Amino acid sequence: MQALVLPAIYTIPDKHKTSDFLFWNIGCKYSMIFIMKTLSIRQPFASLICRGIKTIENRSWDTAYRGKLLIHASGKPLAWPTFDFLPRDFVKCYQKYYGTSIRNMPKEYASFAKWIEELSNFYHLEKITFHQPVDIKERVKKYGYALPVQTIIGEVELVEIVINSKELFAIPNNYHWVMANPILYEKPILNVMGKLKLWEYEL
C-alpha cells in the first residue's frame, strides 16, 4: 500500500474555529502550529476581561469572527488601577460598603472586591485597600507590575456583538463585543507587541 503524502504546508481555515492549523512536513515527521486570533486591549481592561469582571469590550468596528480570542495587554504597565478605570456604580458601592465590611457588598460586585484583594496581596500590603499605596514605586521594584503589558495574559470566547449591552462597562454608540469563558493564564506569554484590529499570533 502506498503511503499517503501530505503537502509541505496544509492549511484548514475556518473563521468560526479557535485557529487555523498548519502542518509542516519535515522528513517523516509532522508538527502542528496553532494560529490564534488575538485582540489588544489596554490595561486594566485586559485583566478585567480575563478575570470575567468585564464581560464586554467597546469597539468602534464590527467583525464577522466568532470564537476564541487571545487577549493581549497593551498600553502602559499599571501598578494600580484608579477610580477612573472602574464603573461609577461600583465606585459608589465601594465607598459605601468596602470600608466597613466586604460581606455587605452586593453579590454583583464580589468579583471586583476579590480583584482588589488580590492586588493588595500581590504587593504584600498589610491591609486590603483600594487606594494606591504611597510607596507603590518601591513595591513595583520589588514585585513588578500587577498589570503588565506587551503580554498575552489569557483568552476568552467572542460569542456575539451587540449595540445595546447593559453591562457596567458598556459605552453608548459602540459595538459591544460580548465575551465568555475567560481564562487568565498562570504563565502569560511575555514580550509580545500588539497590533490594531484583530491579528494573529502563532503558538
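The values are calculated or read from the model by the stated rules, or taken from the named source; none is laboratory data. Bear in mind the structure is a predicted one, so any value in this text is a computation, not a measurement. Every residue, glycine as well, gets a Cβ built from its backbone with ideal geometry; the counts of neighbours run over all protein chains shown.
Some points to look at:
- Looking only at region 164-189, residues that are under 15 Å from the mean Cα position of the chain (by Cα) and polar (S, T, N, Q) come to 1 in all.
- Of everything listed in (1) assigned to a strand (DSSP E or B); (2) free of Cβ contacts under 8 Å to residues at least 60 places away in the same chain; (3) more than 20 Å from Tyr145 (Cα to Cα), the single unmet condition for Lys187 is (3).
- Yes/no for Val192 being surrounded by 14 or more Cβ atoms within 10 Å (Cβ to Cβ), over 13 Å from the mean Cα position of the chain (by Cα) and not aromatic (Phe, Trp, Tyr): yes
- Subset of region 121-134 (residues that are surrounded by 11 or more Cβ atoms within 10 Å (Cβ to Cβ) and assigned to a loop (DSSP other than H, G, I, E, B)): Tyr123, Leu125, Ile128, Thr129, Phe130, Gln132, Pro133
Conditions tested, residue by residue: (1) surrounded by 20 or more Cβ atoms within 10 Å (Cβ to Cβ); (2) more than 10 Å from the chain's Cα centre (by Cα); (3) modelled with pLDDT under 50.
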position: Ala3; (1), (2), (3): no, yes, yes
position: Pro13; (1), (2), (3): no, yes, yes
position: Gly27; (1), (2), (3): no, yes, no
position: Ala46; (1), (2), (3): yes, no, no
position: Arg51; (1), (2), (3): no, no, no
position: Leu69; (1), (2), (3): yes, no, no
position: Gly75; (1), (2), (3): no, yes, no
